[in-house]
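First the structure, in the form of structure tokens, and then the observations on it.
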Amino acid sequence: MAVTQVFGARVRRREDPRLIRGTATYTDDVTLPGLCYAAFVRSPHAHARIRRVDTSRARSAPGVLGVFTIQDLEGKVNPIPCGWQVPNCDLKTPPHPPLARDKVRFVGDAVAVVVAESRAQAYDAAALVDVEYEVLPAVVDMEAALQSTTLVHEDVPHNRVLLWSVKGGDFGAAAREPGVRVVRQRLVNQRLIPNAMETRAVTAQYNPGTGELTLWVTSQNPHIARVILSGVLSFPEHKLRVIAPEVGGGFGSKIPVYPEEAVVAHLATRLARPVKWAETRRENYLATIHGRDHITDAEMAVRPDGTVVGLRVRTLANFGAYLSTAAPAIPTILYGLVLSGPYRIPNIECEVTGVFTNTTPTDAYRGAGRPEATYVLERMMDLAARELGLDPAEIRRRNLIPKDQFPYTVATGITYDSGDYARALDRALEILDYPKVRAEQAAARQQGRYLGVGLSTYVEICGAGPSKVVGSTGFAGGLWESAVVRFSPTGKVTVFTGTSPHGQGEETTFAQIVSHELGVPLDDVEVLHGDTDSILMGWGTYGSRTTPVGGTAVYLAAQKVKEKAKRIAAHQLEVSADDLVFENGRFHVRGAPDRGMTIQEVALQAYLAWNLPEGMEPGLEGQANWDPSNFVFPFGTHACVVEVDPETGQVRILRYVAVDDCGRVINPLIVDGQVHGGIAQGVAQALWEGARYDPAGNLLTGSMAEYAVPKASWLPRLECDRTETPTPVNPLGVKGVGETGTIAATPCVVNAVMDALSPLGIRHLDMPLWPERVWRAIRQAKGGAA
Amino acid sequence: MIPATFEYVRARSVREAISLLQQHGGRAKLLAGGHSLLPLMKLRLSQPEMLIDLGPVDELRGIREEGGSLVIGALTTHDEVANSPLVRERVPLLAECASQIGDVQVRNRGTIGGNLAHADPAADYPAAALALEAQLECEGPAGSRTVPASQWFVDLLTTALGPDEVLCRVRVPVQTKGQGWSYIKLPHPASGYSLLGVACLVTVDGGVCRDARVAVTGAGPKAVRLTKVEQALVGKRLEEATVAEAARLASDGLEASDDLYASAEYKRHLAVVYTKRALLRAAERAAG
Ligand SMILES: Cc1cc2nc3c(=O)[nH]c(=O)nc-3n(C[C@H](O)[C@H](O)[C@H](O)COP(=O)(O)OP(=O)(O)OC[C@H]3O[C@@H](n4cnc5c(N)ncnc54)[C@H](O)[C@@H]3O)c2cc1C
């Protein structure tokens, strides 16, 4: 019964051959007759008034078709809106013009756009646009920005974007409880650059005959892009087609709608020629969103036995120069509400101050808020353990939510679906052979070697989500998902999903769901996505929602197909539908296996429509829109062993164990891949990555020669395992797994390094744990200079 | 990341490359593996009007042994050097160095000639070339000449190569029995270049160090020999304490610059640590 084993099988990703062989079609591969190219003129200053823009030299450069500034776009391209206006936090939403108007606000802010016959001509001419700037002081540092008289947006006092808070219980009272100790630490979660392998691009074509405007765009959510762009361009939505062709990764950076997309779309209509823009890597570093960038003062109140009674967190979150599409939600609801993690913490208070600075805007980056929260929580757990002289595994175990307590509502008000947190912790410790590793550590210390063991127990909130709930948090859309499962007359199946996978592998997993449900061969199922013309509606791929939400819609659509097919089969076999059994893709009469029809035969009959039940419409397809009742909450424990070279400060990861629980697993190979990639990114934040600005707002890590993207050879073999606790939220029992690695890995590694350095009395170091930083701390601890 | 407009020609011989260089003066640049030049052009930090591709020039390829030296054509890729049985046997220090350059893609394209001609302050080959006392053979309008590595590296990205000259071959004396060697580096986490790299070659006879050559790259504007360290080793047994003591001199007067990832102070410290480690490794190998 090969068919029934499709669900849960290690099926190789069908996407990979085309990706690996270079035969995939990305936005930049789209070529059209008469295509011309755009290049943006970008500000070299973080903050400056634009005195004058002289485009005359650029206009007369070879091949130039036009040079445009904000004045040319007036009334044609509206400001870019913010799509997640979180309520009750005094959110400021200053306009984000498609090209800079009187002021530039970060290095890379676009001032003008040049269109030319070739890409090289466009870039050459862009260099000839003469912009006269009056340079203004820049605010880069968040704490300074809040005090500064220099304002990024004149109408936003103190550069304060928002002041958001959540309060459950009473931290103060808990902290005053006799015997309770309060552990405090300032924690910096540095700014990261998402680094999708494909940079952003857009190709736009206007058909004056039909009045249709088609955009190929590097988007994780083409339908959202269509809604927003129809508003920005005042272009009727039904005449606007947005296609996200092959998209080479996003990690959140391709959720937002960016000014360049609107401008290029407009230019295609204006010039009546197709226009393409593809970002260079340098532009990607400057003009595509960054992630993280928090400074947090955390306090954890803990009883002598290790029971955590309270957590209070004050966080500054850097928004950069403009509000990106989903930015307000990231450091607020996606951060503050998840601060309880897998623990019972009765009193939680969180206050977040959002700050505008003259830096690249920030938004969702893999994990988006949840890695930041988990980092705070997991570092504080270790600091509390150290304060009390408890083993880090033990303090965690004492505070985990027990498995018989689900659904469990945490102090911040959200309700967790299902979990067996202790089991994942136990399994990780077992794989690690925790007592042995601790013994090795003790022996190593005798020899002057610095071994450290780090743990991170986490829970992630994902699979957004109930549209009503996200709507109440200010999200300007729904987060349900659509699916169509359609048989063709020859018995092949096409699946249309509103999600927009861009590397995650759902073309494979969704085919597995359908193959499993309908009993058709895997290769007979095609999964389509990313085109607003062929897909009813969709909200995209991010936040580990694609399989729990989109996959469920696919599953439900397949059920509808099965139901209809059964009625047709019953009619043609002249039995009652209740008397039919569906097995291996074939309906047969109960007790008479010879009397039957395959589902492919039924499909043909459905299209021929010669003999259908009275009143039934011809054709065989199912359509489902799934709006979940809750989020899903994957969880797990990561553990690692590191060694610090005390002479150089270098950190080496000796072992890395990950035990994740994402509910039922459709394809273990793909789940492992997601976990591996996530761990690589999480480890990289701990050890290598970090965007840095100078005080004038220049991005010092402006290329891959300065910004350290992790390399496969730097990672140890990853020892991955799973527990499986299905979620009751969806019929598949699946939770998301796209972000767990990034969420868990960062604190896991930092905890291990701090554990290694604990004999020196080093309590905490901020990331990235670059060798020099570690070396200086060691030297200082040993009584030398800092 | 889009270079300025340029012309492109393929040279068929060293002669032709030289005459093209003469014709176009400072506006032309030679192209070998392109792994230093093209990134600069994409950032428009370098805007040559013409690229003269040395790719078709066969006389710049190949590795052969001649009179106690290996003669390595300028177009030999890092990968070829790293994996050549001849290099691995005769000049294992050079192979060890080449194998640590960049990543597989870089090693497949980058060339020894391009690397030494470019003289990046964090490149790896310069340290090995200094420690091995390599000779660089150049040809120009006035004929050929040989420049010892010690005189090749002039300053940041500046060498003794003349404007119309082509670096044709690198002549590396073969290592002898009793010599121990090592190349170790701390790679920059982003670029892969050396944050600090140390090459060393020690000659040990009767348990005593007769000759020591130590060179460091990555710290300052160019790779340099650490003569004080070398002198402190000659005539001594290469025991751990002796080596550690000599290595301490590595930072003495070492020019080092701050960068984003490592301060000058840290680089000087790394020079000491890496010198010690490289020497201990070399001493071990010398002992067989
Ligand atoms: C991602 C990356 C990582 C790297 N990591 C390292 C590293 O870890 N260590 C390291 O040492 N290097 C590293 N490099 C640089 C690499 O080794 C280059 O290949 C090398 O420095 C230049 O060699 P090339 O053949 O590519 O020269 P090109 O880029 O073609 O030329 C470089 C310069 O030398 C000149 N030139 C080239 N050949 C000759 C010749 N025969 N005669 C005269 N002039 C000539 C050119 O005109 C040009 O000015 C890295 C490069 C990249 C892109």
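The values are calculated or read from the model by the stated rules, or taken from the named source; none is laboratory data. All values derive from a computational prediction rather than experimental measurement. Note that we place each Cβ from the backbone using ideal geometry, even for glycine, and neighbour counts take in every protein chain shown.
Quick notes on this structure:
- Test: residue B:171 is in contact (Cβ under 8 Å) with a residue 24 or more places away in the chain, in a strand (DSSP E or B) and surrounded by fewer than 21 Cβ atoms within 10 Å (Cβ to Cβ): yes
- For the residues B:186, B:157, the requirement of being within 12 Å of the ligand (Cβ to nearest atom) and either at positive phi or small (Gly, Ala, Ser) (or both) singles out B:157.
- Screening residue B:31 with (1) more than 8 Å from the ligand (Cβ to nearest atom); (2) under 25 Å from residue A:280 (Cβ atoms) gives one miss only, at (1).
- Residue in region A:156-170 that is in a loop (DSSP other than H, G, I, E, B) and either at pLDDT below 95 or within 14 Å of chain B (Cβ to nearest Cβ) (or both) present: no
- Residues satisfying the stated conditions in region A:253-285, i.e. part of a helix (DSSP H, G or I), within 14 Å of chain B (Cβ to nearest Cβ) and surrounded by fewer than 24 Cβ atoms within 10 Å (Cβ to Cβ): A:281, A:282, A:283, A:284
- One residue from B:90, B:109 being touching a residue at least 60 places away in the same chain (Cβ under 8 Å), basic (Lys, Arg) and closer than 16 Å to residue B:128 by Cβ: B:90
- Selection of first residues in region B:185-214 that are of a type in the set (Lys, Arg) and of second residues that are within 14 Å of the ligand (Cβ to nearest atom) and not in a strand (DSSP E or B), restricted to Cβ pairs under 9 Å at least 6 apart or on distinct chains, gives the following pairs, ordered by first then second residue: B:185/B:97; B:185/B:100; B:185/B:124; B:185/B:127; B:185/B:193; B:185/B:218; B:213/B:130.
- Of the helices (runs of 4 or more DSSP H) lying entirely inside region B:189-288, those containing at least 3 residues that are in contact with a Ser or Thr (Cβ under 9 Å, 6 or more places away or on another chain), within 14 Å of chain A (Cβ to nearest Cβ) and more than 18 Å from residue B:178 (Cα to Cα) span B:264-286.
- Some residue of region A:527-546 being part of a helix (DSSP H, G or I) and surrounded by 24 or more Cβ atoms within 10 Å (Cβ to Cβ): yes
- Qualifying residue in region A:439-451 (condition: closer than 21 Å to residue A:737 by Cα and either polar (S, T, N, Q) or touching a residue at least 60 places away in the same chain (Cβ under 8 Å) (or both)): no
- Within region B:79-117, considering residues that are within 14 Å of chain A (Cβ to nearest Cβ) and part of a helix (DSSP H, G or I), the one nearest to the ligand (Cβ to nearest atom): B:106
- Of the strands (runs of 3 or more DSSP E) lying entirely inside region A:576-628, the ones with 2 or more residues being of a type in the set (A, V, I, L, M) are found at A:580-583, A:592-598.
- Hits in region A:169-179 (condition: surrounded by fewer than 17 Cβ atoms within 10 Å (Cβ to Cβ) and either in contact (Cβ under 8 Å) with a residue 24 or more places away in the chain or at positive phi (or both)): A:170, A:173, A:177, A:179
- Any hit, region B:23-36, residues being within 14 Å of chain A (Cβ to nearest Cβ) and in contact with a Leu (Cβ under 7 Å, 6 or more places away or on another chain): no
- So residue A:69, is it within 14 Å of residue A:270 (Cβ to Cβ) and either of a type in the set (S, T, N, Q) or without any contact (Cβ under 8 Å) to a residue 24 or more places away in the chain (or both): yes
- Of all residues making up region A:650-690, the number that are small (Gly, Ala, Ser), part of a helix (DSSP H, G or I) and within 14 Å of chain B (Cβ to nearest Cβ): 3
- Among the residues listed as A:61, A:100, A:120, A:125, the single one being within 24 Å of residue A:278 (Cβ to Cβ), modelled with pLDDT of 95 or more and not in a loop (DSSP other than H, G, I, E, B): A:125
- Residue tally, condition more than 14 Å from every other protein chain (Cβ to nearest Cβ), more than 7 Å from the ligand (Cβ to nearest atom) and part of a loop (DSSP other than H, G, I, E, B), over region B:118-127: 1
- Screening residue B:8 on (1) within 12 Å of the ligand (Cβ to nearest atom); (2) modelled with pLDDT of 95 or more; (3) within 30 Å of residue A:62 (Cα to Cα) shows it passes everything except condition (1).
- Exactly one residue out of A:388, A:425 is crowded, with 19+ Cβ neighbours inside 10 Å and either assigned by TED's automatic domain parsing to the domain that holds residue A:725 or more than 30 Å from residue A:288 (Cα to Cα) (or both): that is A:425.
- The set of residues from region A:755-774 being crowded, with 21+ Cβ neighbours inside 10 Å and assigned to a helix (DSSP H, G or I) comprises A:755, A:756, A:757, A:771, A:774.
- Test: residue A:747 is within 14 Å of chain B (Cβ to nearest Cβ), at pLDDT 95 or above and surrounded by 15 or more Cβ atoms within 10 Å (Cβ to Cβ): no
- Answer from A:126, A:112 - the residue that is under 21 Å from residue A:698 (Cβ atoms) and over 31 Å from the mean Cα position of the chain (by Cα): A:126
- Scanning region A:700-731 for residues that are surrounded by 15 or more Cβ atoms within 10 Å (Cβ to Cβ), within 10 Å of chain B (Cβ to nearest Cβ) and not aliphatic (A, V, I, L, M) gives A:701, A:702, A:703, A:706, A:707, A:710, A:711, A:714.
- Output for region B:37-57, where each listed residue is part of a loop (DSSP other than H, G, I, E, B), closer than 22 Å to residue B:2 by Cα and either away from chain A (no Cβ under 13 Å) or near the ligand (Cβ under 8 Å from one of its atoms) (or both): B:46, B:48, B:49
- Any chance residue A:761 is free of Cβ contacts under 8 Å to residues at least 12 places away in the same chain, away from chain B (no Cβ under 14 Å), over 28 Å from the mean Cα position of the chain (by Cα) and more than 22 Å from residue A:195 (Cα to Cα): no
- When A:507, A:460 are checked against the criterion of being in contact (Cβ under 8 Å) with a residue 40 or more places away in the chain, in contact with a Ser or Thr (Cβ under 6 Å, 6 or more places away or on another chain), buried (at least 17 other Cβ atoms within 10 Å of the Cβ) and among the charged types (D, E, K, R), a single residue qualifies: A:460.
- Picking from residues in region A:140-168 that are in contact with a Lys or Arg (Cβ under 6 Å, 6 or more places away or on another chain) and farther than 16 Å from residue A:697 by Cα, the one that is surrounded by the most Cβ atoms within 10 Å (Cβ to Cβ) is A:161.
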